[in-house]
Amino acid sequence: MVDQKVYEIILASIQKPVVGEAGKTGSWSRFKPKIDLDKCSVVKMNKDVCHFCWLYCPEPIISRTIPPKINYEYCKGCGICAEVCPPKAIKMVEESEL
Amino acid sequence: MADKVKLYDIPEEEFLLPGNRMCAGCGLSLIYRTALKALGPNTIITVPASCLTVLHGMQGFTSVDKISVLNTPFATVAASASGIEAALEAMGKDDEVTCVAFAGDGGTTDIGIQGLSGAAERRTNFIYACYDNEAYMNTGVQRSGSTPYGSFTTTTPIYGKTEHKKNMPKILEAHDIPYVATSCASYPLDIYAKFKRAKEIKGTKYIHILSPCPPGWGFSTKDTIKMGKLAVETGFWPLYEIENGKFSLSTPSKRLLDPAKRKPIEEYLSTQKRFNRLSNEDIEEYKRYINQSWEYIKSKNLTTQLL
């Protein structure tokens, strides 16, 4: 039989999954990505053709929808999506310009 | 050989939660996100002290959803994976649950190599993934066995590292394990395909993934994908897989067999601050090193074709 105390210690070390473990990471950067929907090829053709921003984003921040949505609350503003976007529809702008 | 994967083959389900502790533009974050999608929810991951421990959060809370993770001491990642695998076998859940050891380059090339070598020798049925950011980034950029030649770190501050990178995939290849592959954070489709393939094979699988690190290498966070692509396109980091002794180059590296198709190495070295004090002789040394490693790949490729 496992001692009750040992059991409690093991259970206490279990970690719960939470969104925003490090706080609101959206505050890490001044610059945020903004999608120009007129240029975005997914919106233009209205079907799943590109979604490079969803694929290359290191975080699960951008959704694979039409149009792609960005979770600004947790976006760290690295700028990878703006670099990889084939039609250059994403631009990094100041937070006030969103 | 790994199947070709298209972007829309990758599932939408996320195992990583937003708001985690990784730096902006982290290559590892992208690798982990893609790898978990390939591995699926029936996975047990064991992680040594590394950047990945940081991602798993402080006491009480974590940013990884739906997957069981075990944090272990530095040297024991492959040993703990062996233990997990033995338990799964005893419970008869060996086929449905995948055991994965995810370690950094320090935990693989320096500290964890004895455990890894032992597990490979025992033919433990698990995947060992090494994400290689080429130094001990978590503790503040110290030199590791995987740091490339001439790279400046806080423990090689004057001349840079004077030795070349340890070729870990070659060491694992010598263990005669069924699957060895290299990949890079800039090719998520390649990562996904290789993890999917590794999951299907029984035995010890080893995947070595180059992970560009913006603060450690000294480049802007937006250039993570560009840096990884340059490492592959200059021929510095060839992507290949060896399945049961059969060698095959992956698509991004296939055309680089011809030296004329490789981008000049200066393009890769000049864009990172850690290489900013390299002399012309060092660059010549790099060219010699790349040619030498590709000569080896060429001979491997040729013998596989003859088989």
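Odds and ends about this structure:
- Rounded tilt (10° steps) of B:188-200 against the dominant C-alpha axis of chain B: 40
- Shielding score for B:218-228, defined as the mean number of other chain Cβ atoms within 10 Å: 4
- Using a simple spin-label model with pseudo-atoms 7 Å out from Cα toward Cβ, residue A:48 and residue B:258 lie 3.5 nm apart.
- Helix B:280-306 and the longest principal axis of the C-alpha atoms of chain B enclose an angle of approximately 50°.
- Least to most buried among A:64, B:123 (fewest other Cβ within 10 Å first): B:123, A:64
- Percent of beta bridges antiparallel (DSSP, the protein assembly as shown, rounded to nearest 5): 35
- Length-normalised contact order for chain A - Cα pairs under 8 Å, 6+ apart - percent: 36
- Label-point gap, in nm, between residue B:59 and residue A:4 - each point 7 angstrom along Cα→Cβ: 2.3
- √(5λ) per eigenvalue of the Cα gyration tensor, the range B:157-208, largest first, Å: 27, 17, 6
- Taking all Cα pairs closer than 8 Å and separated by 6 or more residues, the relative contact order of the range B:25-306 comes to 17 percent.
- Expressed in Å, the radius of gyration and Dmax of the Cα atoms of chain B are 18.5, 59.
- Along principal axes, Cα extents of the range A:34-98, largest first, whole Å: 29, 22, 18
- Expected 222 nm ellipticity per residue - DSSP helices of 4 or more, -39500 (n - 2.57), all of chain B, to 500: -10500 deg cm²/dmol
- Under 16 Å of direct C-alpha separation, and excluding same-chain neighbours fewer than eight residues apart, residue A:88 reaches these aspartates and glutamates: A:36, A:38, B:223.
- Computed lengthening from residue B:176 to residue B:13, 0.36 nm per intervening residue step minus Cα-Cα distance: 55.2 nm
- Descending Cα extents along the principal axes, the range B:1-156, whole Å: 48, 39, 37
- Degrees between helix B:27-39 axis and first principal axis of chain B (Cα, 0 to 90, nearest 10): 40
- Length released on extending from residue B:95 to residue B:164, taking residue separation times 0.36 nm less the Cα-Cα span: 20.9 nm
- Normalised by the number of residues in the range B:178-307, the mean separation of alpha-carbon contacts (under 8 Å, six or more apart) gives a relative contact order of 24 percent.
- Sorted by Cβ neighbour density within 10 Å, fewest at the top, the residues A:75, B:51: A:75, B:51
- Radius ratio Rg over Rh of the protein assembly as shown, counting only Cα atoms, Kirkwood formula for Rh: 0.96
- Hydrodynamic radius by Kirkwood, which averages 1/r over all alpha carbon pairs of the range B:93-237, in angstrom: 15.9
- Across peptide B:183-194, the mean count of Cβ atoms from other chains lying within 10 Å of each residue's own Cβ comes to 1.
- In terms of other Cβ atoms within 10 Å, A:28, B:237 run from fewest to most in the order A:28, B:237.
- Applying the Karplus relation 6.51 cos²θ - 1.76 cosθ + 1.60 with θ = phi - 60° to the range A:33-49 yields 3J(HN,Hα) values of x, 10, 8, 8, 5, 6, 8, 4, 5, 5, 6, 4, 8, 6, 8, 6, 10 Hz, where x marks Gly and Pro.
- The phi-based Karplus calculation (6.51 cos²θ - 1.76 cosθ + 1.60; θ = phi - 60°) puts the 3J(HN,Hα) values of the range A:57-64 at 5, x, 10, x, 9, 9, 8, 8 Hz, whole numbers, x for Gly and Pro.
Computed from the coordinates by the stated procedures, all read-outs in this text should not be read as laboratory data. From a predicted model like this one, the values you see are computed outputs, not experimental measurements. A quick note on method: Cβ atoms are made from the backbone with ideal geometry, for glycine too, and the neighbour counts reach across all protein chains shown.
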